[in-house]
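Written out below as structure tokens is the structure these notes cover.
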């Protein structure tokens, strides 16, 4: 183990383990992250890791759940605003979140590449919530259109992909990322 063991409350210890795990999974493929390494970095025994998480898969799934919940919380719309302002504010919040929690966002995107049904369900649920938020703000006649529903689901995935590319390359400004995403949504909804 690394250094002196520090006593933390169960909630703080669990949060610490999840934070360490999200950083490791952001940088490396799932198969290259070891529970023993997480325990060592946290200064705890491997047994304590298994006290909190039954398996590496459960640990990874919990990281996905926590990050997904944080993203949904951060991007929650102010429903008193017009739809365009709600979307713009949610997009600003998501872009800001990707910068401030880059390791968590990267871990989620690595999770999207795994074939695990539970992890896929977590990510699909997040996309569904984001889609439903935008649909809820649209007029009823547009909201029920299946093409609009499909376009919005694709747009949410598009935003995620654009933000990941931007984090990797930083070749355009944050405002350009936002404008690109808003123009894409405008184009989708106009058709």
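No value in this document is a laboratory result; all are computed from the given coordinates. Keep in mind that this is a model prediction, so the values were computed, not measured. Every residue, glycine as well, gets a Cβ built from its backbone with ideal geometry; the counts of neighbours run over all protein chains shown.
The angle between the Cα long axis of helix 83-100 and the main principal axis of the chain comes to about 30°, on a 0 to 90 degree scale. Quick one: angle between helix 117-137 and the longest Cα principal axis of the chain, in degrees between 0 and 90, rounded to 10, please. For 117-137 against the chain, the angle is about 30 degrees. Over the range 10-59, what relative contact order in percent results from Cα pairs under 8 Å that are six or more residues apart? Worked out over the range 10-59, it gives 34 percent.
Extending 7 Å from the Cα toward the beta-carbon at both residue 165 and residue 85 defines two label points whose distance is 3.1 nm. May I ask you to work out the translational diffusion coefficient for the chain at 37 °C, viscosity 0.692 mPa s, via Stokes-Einstein with Rh from the Kirkwood sum over Cα pairs, reported in whole µm²/s? Roughly 182 µm²/s, to the nearest whole number. The packing ranking, built from the mean of other Cβ atoms within 10 Å per residue, places the peptides 160-169, 125-134, 60-69 in the order 60-69, 125-134, 160-169, highest first.
Measuring between their Cα centroids, the range 54-73 and the range 137-176 lie 23 Å from each other.
Using Cα-Cα distances under 8 Å and only pairs 6 or more residues apart, what relative contact order does the chain have, in percent?
Details: 164 pairs, mean separation 39.3, N = 191.
Once divided by the residue count of the chain, the mean separation gives 21 percent.
Under conditions of 20 °C and 1.002 mPa s, the range 10-59 yields 201 µm² s⁻¹ as its translational diffusion coefficient, taking Rh as the Kirkwood radius over Cα pairs in the Stokes-Einstein equation.
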